[in-house]
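Read-outs: derived from the displayed coordinates by stated rules, not from any lab. A quick note: this is a predicted structure, and the numbers were derived from the prediction, not measured. When we count neighbours, we look across all protein chains shown, and the Cβ atoms used for this are built from the backbone with ideal geometry, even at glycine.
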Amino acid sequence: FFSINQYIHYVHSENYFINEERNIKLAEGYPLDSLLNFTELTAKYGYQSEEHTVITEDGYILTIFRIVKGKRCLGPIREPPVLLMHGLLLSSDCWLDSGPDSGLAYLISDACYDLWVGNVRGNYYGKRHVSLNVTDIDFWQFSVNEIGQYDMPATIDYILKYTSSKKLNYVGYSQGGSTFFIMCSEREGYCDKVGVFIGLEPDSRNTYTKSIFCRIAAELYQDFQPMLNEIGLYEAVPWGGVVQQIAAFLCKDYVIADTFCRGVMYIIDSPHPDSVETETIRVLVGHFPAGTSVKNIVWYTQSLHVDVFQNYDYGSAGNMEIYNSTKPPAYNLTATTTPVVVMNGRNDYLTVPPDEEWLTSHLPNVIEHYIVEDPLWNHVDVPYSKLTSKNILPKILQYLNEYSELV
């Protein structure tokens, strides 16, 4: 066991090496914001944030954040709290990468909401467990199913208990939407803890995904999953891994970021010129990709080949053992009784309009399905566009206001 003096020395040594590495990268041209974590970024721009620890029912330890009051909030804080959830391969930091004039974490807190920003198992804020090590295969045996069944309920319960609130309002982007629907399907009573769900390009089935790049990448993970398991690679595109390190190195250069890196974004999703600032691209690659499990990527691969929103497919034999059925069960979308707002763009190549229309047709309490007016609005725009305050923030605040009250 460490003595107090040894612990203090250890912390100072860790901070020294982190600062040294950061100074080296700054000298090499990396933008400072790409090297900062959530609390450091918010502090840099004058926003006070808190770090909180959530432990799930199955032992995962998640770091989540809170901005109690935005820098531009001049009035009283509204109740209830708001939970903002990121998408696949992202983290809470994505809501800060475009800066205080565009990042939704800044903008929502500036509107005087008690904002909580979540993280899920497998990204760099969710790589701890009460008993498992990140090198254990069991740590990585999860998909959106477990995130929805365990991470979301634990996060909601923590926030409600900490703030002494009966409900919260939930803003979920992409995977942050699908895991909400899974929670409502699999965990009875949790929908009742949410006043309104605002889905930003929310994911469910992915039958008509148009991104060729994402389809190919997902298929490769499924094809190579057995081999990856054999050699002990259970984590997909981790933060600090080869892909993230190369992206951060290349895209730190302004010209490369504005040409090659922007082109890669267009290939992953779709082109939207003059939406994401070049500086934002330079910053976001410091936090993306944030990592997930190979199994989770394989769930997305499976979702490309079915026309329903369903659980993980283990094959006929595995499904019989786990589900007592040769096919995985579909999630019960009718269990999402919370008032739902769905917002999507017409140029989204990931959660495409036909799949969003299918989703809204299966949810029982959709109060509005809003199509963003900008015809080029796409999936990547939600966390990173400089146009968020114009294209989606007014509708978000409209419904947060409707389901909130002043303290």
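Of everything in the stretch 357-370, what is out of contact with any Phe, Trp or Tyr (no Cβ under 9 Å at 6 or more places or on another chain) and assigned to a strand (DSSP E or B)? Give them in sequence order.
366, 369, 370
Residues that are more than 21 Å from the chain's Cα centre (by Cα) and either of a type outside the set (A, V, I, L, M, F, W, C) or more than 26 Å from residue 401 (Cβ to Cβ) (or both): does the stretch 191-203 have at least one?
Among the residues of the stretch 191-203, at least one is more than 21 Å from the chain's Cα centre (by Cα) and either of a type outside the set (A, V, I, L, M, F, W, C) or more than 26 Å from residue 401 (Cβ to Cβ) (or both), which makes the answer yes.
Per-residue answers, yes or no, for (1) buried (at least 20 other Cβ atoms within 10 Å of the Cβ); (2) hydrophobic (A, V, I, L, M, F, W, C):
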site: 68; (1), (2): no, yes
site: 85; (1), (2): yes, yes
site: 107; (1), (2): yes, yes
site: 123; (1), (2): yes, no
site: 132; (1), (2): no, yes
site: 139; (1), (2): yes, yes
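From 118, 189, grab the single residue that is of a type outside the set (Ser, Thr, Tyr) and crowded, with 21+ Cβ neighbours inside 10 Å. Working first, answer last.
Numbers: 189 fails: crowded, with 21+ Cβ neighbours inside 10 Å.
On inspection, the qualifying residue turns out to be 118.
Kindly provide the set of residues from the stretch 155-173 that are surrounded by 18 or more Cβ atoms within 10 Å (Cβ to Cβ) and either closer than 14 Å to residue 60 by Cα or of a type in the set (Ser, Thr, Tyr) (or both), ordered by number.
155, 158, 170, 173
Mind telling me which of the residues 317, 257, 236 ends up being on the phi < 0 side of the Ramachandran plot and either touching a residue at least 40 places away in the same chain (Cβ under 8 Å) or among the acidic types (Asp, Glu) (or both)?
The conditions single out 236.
Give me the pairs: first residue in the stretch 90-116 and in contact (Cβ under 8 Å) with a residue 12 or more places away in the chain and closer than 19 Å to residue 281 by Cα, second residue part of a loop (DSSP other than H, G, I, E, B) and aliphatic (A, V, I, L, M), beta-carbon distance under 6 Å, and six or more apart or on different chains, which are they?
90/290; 91/290; 103/96; 105/96
Please give the helices (runs of 4 or more DSSP H) falling wholly within the stretch 264-324 in which 2 or more residues are of a type outside the set (Val, Ile, Thr) and more than 26 Å from residue 231 (Cα to Cα).
Where helices (runs of 4 or more DSSP H) fall fully within the stretch 264-324 and carry at least 2 residues being of a type outside the set (Val, Ile, Thr) and more than 26 Å from residue 231 (Cα to Cα), they are 278-284, 315-323.
Which of the residues spanning the stretch 90-121 are more than 24 Å from residue 162 (Cα to Cα) and either of a type in the set (Ser, Thr, Tyr) or part of a loop (DSSP other than H, G, I, E, B) (or both)?
Matches in the stretch 90-121: 90, 97, 98, 99, 100, 101, 102, 103.
Could you give me the residue pairs with C-beta distances under 6 Å whose first residue belongs to the stretch 324-340 and is over 28 Å from residue 398 (Cα atoms), whose second residue is polar (S, T, N, Q) and exposed (fewer than 14 other Cβ atoms within 10 Å of the Cβ) wherever it lies, and which are 6+ apart or on separate chains?
326/316
Mind checking whether some residue in the stretch 345-356 is part of a loop (DSSP other than H, G, I, E, B), touching a Pro at 6+ places or on another chain (Cβ under 8 Å), closer than 25 Å to residue 225 by Cβ and not small (Gly, Ala, Ser)?
Within the stretch 345-356, one or more residues are part of a loop (DSSP other than H, G, I, E, B), touching a Pro at 6+ places or on another chain (Cβ under 8 Å), closer than 25 Å to residue 225 by Cβ and not small (Gly, Ala, Ser).
Given the conditions (1) more than 23 Å from residue 71 (Cβ to Cβ); (2) in contact (Cβ under 8 Å) with a residue 12 or more places away in the chain; (3) part of a loop (DSSP other than H, G, I, E, B), and given that residue 155 satisfies all but one, which numbered condition is not satisfied?
Looking at each condition in turn, residue 155 falls short on (3).
Does the stretch 222-235 contain any residue that is under 17 Å from residue 303 (Cβ atoms), touching a strand residue (DSSP E or B) at 6+ places or on another chain (Cβ under 7 Å) and not polar (S, T, N, Q)?
Applying the first criterion (under 17 Å from residue 303 (Cβ atoms)) to the stretch 222-235 yields 222-223, 225.
Checking which are touching a strand residue (DSSP E or B) at 6+ places or on another chain (Cβ under 7 Å) leaves us with none.
No, every residue in the stretch 222-235 fails to be under 17 Å from residue 303 (Cβ atoms), touching a strand residue (DSSP E or B) at 6+ places or on another chain (Cβ under 7 Å) and not polar (S, T, N, Q).
Among what's in the stretch 206-253 and is of a type in the set (Ser, Thr, Tyr) and not in a helix (DSSP H, G or I), pick the residue that is nearest to residue 267 (Cα to Cα). Don't jump to the end; show me each part of the working.
Taking the stretch 206-253 first, the residues of a type in the set (Ser, Thr, Tyr) are 207-209, 211, 221, 234.
Narrowing the set further to residues that are not in a helix (DSSP H, G or I) leaves 207-209, 211, 234.
Working: 207: 19, 208: 16, 209: 13, 211: 7, 234: 26 Å.
Ranking the qualifying residues of the stretch 206-253, first place goes to 211.
Let me confirm something: among 317, 257, which residue is surrounded by 18 or more Cβ atoms within 10 Å (Cβ to Cβ) and among the small types (Gly, Ala, Ser)?
Of the residues listed, the single one that is surrounded by 18 or more Cβ atoms within 10 Å (Cβ to Cβ) and among the small types (Gly, Ala, Ser) is 257.
With (1) exposed (fewer than 12 other Cβ atoms within 10 Å of the Cβ); (2) touching a residue at least 60 places away in the same chain (Cβ under 8 Å); (3) under 26 Å from residue 378 (Cα atoms) as the list, and residue 216 as the residue in question, which single condition is left unmet?
Residue 216 satisfies every listed condition except (2).
With the checklist (1) outside any helix (DSSP H, G or I); (2) out of contact with any Lys or Arg (no Cβ under 9 Å at 6 or more places or on another chain); (3) surrounded by 19 or more Cβ atoms within 10 Å (Cβ to Cβ) in hand, flag the one item residue 399 doesn't pass.
Just one mismatch for residue 399, condition (1).
Only one of these is closer than 27 Å to residue 374 by Cα and within 19 Å of the chain's Cα centre (by Cα): 243, 237, 276. Name it.
Details: 243 fails: closer than 27 Å to residue 374 by Cα; 237 fails: closer than 27 Å to residue 374 by Cα.
Just a single option satisfies the conditions, and that option is 276.
Test residue 109 against the stated conditions and say whether it is under 25 Å from residue 277 (Cβ atoms) and within 11 Å of the chain's Cα centre (by Cα).
No: the conditions fail for residue 109.
Take the residues in the stretch 371-388 that are out of contact with any Pro (no Cβ under 9 Å at 6 or more places or on another chain) and surrounded by fewer than 17 Cβ atoms within 10 Å (Cβ to Cβ); name whichever of them is nearest to residue 306 (Cα to Cα).
Here the answer is 375.
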